[in-house]
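Beneath this line is the structure, given in structure tokens, with notes to follow.
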Amino acid sequence: MKAVFSRGFAAGLLICMGCIVFLKLGGGIPGALFFSAGLFFVVQFDAQLFTGRVTRPDYDPLQKLLMLLFNVLGAGVCGLLASVFLPEVREAAVPLVAAYADPLRVLWQSVMCGICMYLATTLPPSAEGKLAPADRLPFIVYGVALFILSAYGHSIALAGYAALARSIAWWVIPLAAAGNALGSYAVRFLLTTKKC
């Protein structure tokens, strides 16, 4: 259980670092590519990211909830510190956070992000045990680029952006986390259903 705390916090911190570089680069394709470094290091060092592990059966619901909590704390601490020391990043985060005001839009965007995160962090059965973490880089880059460039909502990244901007509605992060989980479970069901 201790690993959920430390590795969960670390995962949030790494995702927030991706948020910072995305904003520093002004978004777009360069921002999306460098944001994926945060997720790459999460995978490389086996940090515990809720959106990458929510469908895994080796975690019980309490562990998943704690993982989410410590992801949000890690992203929040990193974002708050960056808002103090990188004021230009704080200014860039404000309009991004303001875009998350419609609950239905947040839900849809986060479901779609959950699909991307499942694809980025889950190996297909044919590759299980055959790929080292570094070999997973293409999965990660494509999955992250897809959700970033499509403006889908990643709950932990939203926690980082919210801390950077120092504002977000209280309901956005839990709703985005629920949507991320729903998208991950839905695509897992679709991709793992036995062929007739």
Q: Taking Lys2 as the residue in question, decide whether it is basic (Lys, Arg) and modelled with pLDDT of 95 or more.
A: no
**Q.** Selection count where residues are loosely packed, with under 14 Cβ neighbours inside 10 Å, aromatic (Phe, Trp, Tyr) and either in contact with a strand residue (DSSP E or B) (Cβ under 6 Å, 6 or more places away or on another chain) or over 16 Å from Ala98 (Cβ atoms) (or both), scope the range 149-196
**A.** 1
Q) So which of Arg7, Arg53 ends up being more than 18 Å from Leu149 (Cβ to Cβ) and in contact with an Asp or Glu (Cβ under 9 Å, 6 or more places away or on another chain)? A) Arg7
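Results for (1) of a type in the set (Lys, Arg); (2) in a loop (DSSP other than H, G, I, E, B), shown as yes or no for each residue.
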position: Gln48; (1), (2): no, yes
position: Arg56; (1), (2): yes, yes
position: Ala75; (1), (2): no, no
position: Ala92; (1), (2): no, no
position: Pro95; (1), (2): no, no
position: Lys130; (1), (2): yes, yes
position: Ala134; (1), (2): no, no
position: Phe147; (1), (2): no, no
Q: Look at Arg53 and say whether it is under 12 Å from the mean Cα position of the chain (by Cα) and either farther than 23 Å from Val172 by Cα or among the charged types (D, E, K, R) (or both).
A: yes
Q) What tally of residues in the range 71-97 results from selecting those that are surrounded by fewer than 21 Cβ atoms within 10 Å (Cβ to Cβ) and in contact with a Phe, Trp or Tyr (Cβ under 7 Å, 6 or more places away or on another chain)? A) 3
(Q) For Gln44, only one of the following conditions fails: (1) under 12 Å from the mean Cα position of the chain (by Cα); (2) more than 22 Å from Arg166 (Cα to Cα); (3) not acidic (Asp, Glu). What is its number? (A) (1)
Q: Just name the residue that is surrounded by the most Cβ atoms within 10 Å (Cβ to Cβ) out of those in the range 1-48 that are among the charged types (D, E, K, R) and over 18 Å from Leu80 (Cα atoms).
A: Arg7
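The values are calculated or read from the model by the stated rules, or taken from the named source; none is laboratory data. This one's a predicted model, so the numbers in the text were calculated from it and none came from an experiment. Backbone-built Cβ (ideal geometry, glycine too); neighbour counts: all protein chains shown.
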